[in-house]
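Contents: one structure, followed by commentary.
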Amino acid sequence: MKDELRRIKASRLQPLIGLLRTKKIEFIDGAEEIPSNKKLAADLGITVTKCNAWLKKLRQELKYSFFRNPLMVNEIECRVLISRHWNEYHDDKGRTIGDENERMFSLDVVLPVIPRMGEEIEFELADRNGYYRGTVHEIIHEVIGKKQRIVIFAHPYENEYERWMRQKVKYEDHKRWLKYRELTKDIQR
């Protein structure tokens, strides 16, 4: 979002903006390598406290600038993950059971149409011994800079009825837990 920093006109933030425009954020193994506030403060020749205040003010002004002129997201990427639910293939201690990691399918794609909840998605290039098709059960939209990443989760064999029944059981368990908590609260008083 370096080019969006031009929106900020505050003169006292211009040294920070100039420095941030020269920095490069690298992605290494899916994690961002971001310069620390201590390094930025040293480069600017100011205290870390003052640098933190400038960063906070810059973030706030940038955020408010989007109310006047909305951020234009110009890139869309989809990540499709066809897998069973986490709790279906992990035991109580979090260990993976069986060969689930080999069977699951994940791919980054650019789709002209985003599948909706309950629709099926299938990939011809996926290994037929693994999960190559599934029913979409969750869609998450993330905006990272000027990129929208849409994460599509599909279950390999569960249909909407089975999903609804699982959600119903989860809801009823939650209701029982809330009731239990309320009862124990009365006992503790």
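The values are calculated or read from the model by the stated rules, or taken from the named source; none is laboratory data. Everything numeric here is computed off the predicted structure, so don't read it as measured data. Cβ sites come from the backbone with ideal geometry, for glycine too, and all protein chains shown count toward neighbours.
A few comments on the model shown:
- The range 139-165 - residue that is free of Cβ contacts under 8 Å to residues at least 24 places away in the same chain, part of a helix (DSSP H, G or I) and not aliphatic (A, V, I, L, M) and, of those, nearest to Y89 (Cα to Cα): E162
- Residue in the range 45-58 that is surrounded by 11 or more Cβ atoms within 10 Å (Cβ to Cβ) and in contact with a strand residue (DSSP E or B) (Cβ under 6 Å, 6 or more places away or on another chain) present: no
- Scanning the range 104-135 for residues being closer than 18 Å to E158 by Cβ and not in a strand (DSSP E or B) gives a total of 11.
- All of (1) surrounded by 11 or more Cβ atoms within 10 Å (Cβ to Cβ); (2) out of contact with any Leu (no Cβ under 9 Å at 6 or more places or on another chain); (3) over 24 Å from K9 (Cβ atoms) hold for L71 with one exception: (3).
- Considering only residues in the range 91-129 that are in contact with a strand residue (DSSP E or B) (Cβ under 8 Å, 6 or more places away or on another chain) and modelled with pLDDT under 70, the one that is surrounded by the most Cβ atoms within 10 Å (Cβ to Cβ) turns out to be T96.
- Filter result for E32 (farther than 30 Å from K170 by Cβ, at pLDDT below 75 and either not in a helix (DSSP H, G or I) or not assigned by the TED database to the domain that holds I140 (or both)): yes
Quick grid of which residues meet (1) in the same structural domain as W86 (by the TED database); (2) among the β-branched types (V, I, T); (3) in contact with a helix residue (DSSP H, G or I) (Cβ under 7 Å, 6 or more places away or on another chain):
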site	(1), (2), (3)
P112	yes, no, no
R116	yes, no, no
E120	yes, no, no
G134	yes, no, no
V143	yes, yes, no
K147	yes, no, no
V169	no, yes, no
E182	no, no, no
